[in-house]
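Step one of this worksheet: look at the structure below.
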Amino acid sequence: MSATQNFDAALFGDGPARDERFTEKRRWAECANFPNDHPLKHIEFFHRQMNEEMNGVENAAQSLADFPDADWNVRMSMARQCADEARHVEMFRRIFESRGGQLGEYPILNFQYRIIANLGDLLSRLVVQNRSFEAGGIDAVTYAIDEARKRGDQELVDLFEMQQADEITHVRFANEFVYQTIRKDPRAALQVARALTLASTAFMQVMGSEGVGSVEYLADERGRLEAGFGLEEVKAATTQAMKRRASYGSH
Amino acid sequence: MSLSVQQRAEFVATFRFIQVFLMETIARWVPQTPEMEVKVLFGRHIWELAQQADSLGKRVYELRAPLQFSLRPVESYVQVLEEFARTETTPQKISGFYDVILPGLAARYRNYLERTDHLLDEPTTRVVEKILNEFQKMIKESETLRKELPQLCLADKNWPAHLAKPEVSVPTIVAHRPSAAIA
Ligand SMILES: [Fe+2]
Ligand SMILES: [Fe+2]
């Protein structure tokens, strides 16, 4: 899909509030997408990631407010996630500023909040936020840890490894919630499938083929198993990632 | 005056109701609040409030009420909470929570500690004392942030009184029930 094509308004809700330091863009192509060898590539990533972590806090907080009757254990996990993602915001802010970045220097995207908070039930939100976007994050961080290690950037290796441990916990509680819900009511599986389809359609509209094509990593099988995915699901994620890489690699 | 097991359970369940209400209020404010540093502060404190509610909810079960049981406070205190939840600007949200509601709740927790027998009810006193320490830390963190970012301080210094007055005017927050009604 080209970056100029229109958004399907039904797939996106209102954005979260941001102060005047920040400029929100709606599409990946409008962001500061530096090539891999550009000196600002990493610093821009810290800023972008800091804001994505903010979306993580906002989504977990929104669901805590919106679903007061959800099981107390899952609410505890979401409350914990609020604090973890808030800490991740601070972690990325610290490394961003210590390496010369200034808050608001680069545009930000709030598509995660716009897509997820727009879903009307907790199962769909956890499937998309934790089990899809954050599970993808586990894959991405594994790749990023290897890259940082190759560059000898130990501070970043430490940051990513701690972030990854937290993200695995977030994916795991969502997986447990999803399996329990489907066990109680097998029709919930349809809801899961519907939420994933909506989210991936919305995600493609934001990213465009340019944004998705820039993804270089495969699925982190060990991380996904630890996060509570079944063996078959992990294999499927790996196959999907290989297909995606092969198809964009041939363009 | 001594307290029965049921009366103690009612106090603890009322405290849990308030903790959950505050957690939900702060959570609802996170996406609506523009300032990044405030979102981070609230995000961290949501987890504090949740853990405090959880420990009260476990204690209430030991006091022979259902696990994680909450009891709605008297209506006049619910109105105070609802008025607080309607707060609009960021400086008012911060001041309302850290300068009025948390200190007011801390006073009620201390009042409970004065009333209960510390030997008979030691598990509750441990939970409540821990929460009081955590409240102090939360309030301190809000003060540090307000020092760093003075734009988060209230311009109208009289504003907290509008929330504090009705808060202190509610003498007791527990809506006691007939005997054995919460088991
Ligand atoms: Fe995170
Ligand atoms: Fe996460």
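Observations on the structure shown:
- Helical runs assigned H by DSSP (4 residues or longer) give chain A a calculated mean residue ellipticity at 222 nm of -22500 deg cm²/dmol, each run adding -39500 (n - 2.57) before division by the residue total.
- Summed buried accessible surface, chains B and A, 1.4 Å probe, nearest 100 Å²: 2200 Å²
- Potential extension, A:Glu233-A:Glu105 segment - 0.36 nm per residue separation minus Cα distance: 42.2 nm
- Rolling a 1.4 Å probe over the protein heavy atoms of chain A, with every protein chain left in place, gives an accessible area that is 52 percent carbon and sulfur.
- In a DSSP loop and with at most 14 other Cβ atoms within 10 Å, the trypsin sites (Lys or Arg not before Pro) in segment B:76-183 are B:Arg86, B:Lys157.
- Applying 1/(1 + (r/R0)^6) with r as the Cβ-Cβ distance of B:Ile139 and A:Lys243 and R0 = 60 angstrom yields a FRET efficiency of 0.65.
- Principal-axis analysis of the Cα atoms of chain B puts helix B:102-115 at an angle of about 20° to the longest axis.
- Per-residue ellipticity at 222 nm from helix content only, as computed over chain B with -39500 (n - 2.57) for each DSSP H run of at least four residues, stands at -22500 deg cm²/dmol.
- Summing Cβ point charges (Lys, Arg +1; Asp, Glu -1) relative to the Cα centre of the protein assembly as shown gives a dipole of roughly 640 debye.
- Computed extension length for A:Leu40-A:Glu210: 59.3 nm, one decimal, from 0.36 nm per residue of separation with the Cα-Cα distance subtracted.
- Area accessible to solvent at B:Ser179, 1.4 Å probe radius, in Å²: 110 Å²
- Sequence-distant residues sharing a close amide H with A:Glu24 (under 5 Å, placed H): A:Ile108
- Accessible surface computed residue by residue for segment B:5-168, with neighbouring protein chains in place and a 1.4 Å probe, gives 43 Å² per residue.
- Residue-span extension gain [A:Thr197 to A:Asp71] - 0.36 nm each, minus C-alpha spacing: 42.8 nm
- Backbone HN-Hα couplings from phi across segment B:33-41 [Karplus 6.51/-1.76/1.60, Hz, Gly and Pro as x]: 8, x, 6, 4, 5, 6, 4, 5, 4
- Computing FRET efficiency as 1/(1 + (r/R0)^6) for A:Glu97 and A:Asn33, where r is the C-beta to C-beta distance and R0 is 22 Å, gives about 0.55.
- Percent RCO, i.e. relative contact order, over segment A:40-174, from Cα pairs under 8 Å lying at least 6 residues apart: 29 percent
- Think of a 1.4 Å ball rolled over the protein heavy atoms: chain A then has 47 Å² of accessible area per residue.
- Counting only whole DSSP H helices of chain A, the ones at least 30 Å long by C-alpha along their axis and with mean Kyte-Doolittle hydropathy no lower than 0.5 are A:188-213.
- Taking only protein heavy atoms and a 1.4 Å probe, the accessible area of chain B is 54% carbon and sulfur.
- Size descriptors for the protein assembly as shown, from the alpha-carbon set: Rg then Dmax equal 23.5, 81 Å.
- Electrostatic tally near A:Gly15: other residues with Cβ closer than 10 Å to its Cβ, Lys and Arg +1, Asp and Glu -1, net 0.
- Proximal charge balance of B:Val60 [Cβ under 12 Å; K/R count +1, D/E count -1]: +2
- Dividing the mean sequence gap of close Cα pairs (under 8 Å, 6+ apart) by how many residues chain A holds gives a relative contact order of 27 percent.
- Residues of segment B:30-46 that bury at least 50 Å² of accessible area once all protein chains are present, compared with their chain alone (1.4 Å probe, heavy atoms only, ligands and nucleic acids left out), are B:Pro31, B:Pro34, B:Met36, B:Glu37, B:Lys39, B:Val40, B:Arg44.
The values are calculated or read from the model by the stated rules, or taken from the named source; none is laboratory data. This one's a predicted model, so the numbers in the text were calculated from it and none came from an experiment. Note that we place each Cβ from the backbone using ideal geometry, even for glycine, and neighbour counts take in every protein chain shown. The area values use the complete protein model at the heavy-atom level, side chains included, leaving out ligands, DNA and RNA. Shrake-Rupley method; radii C 1.70, N 1.55, O 1.52, S 1.80 Å.
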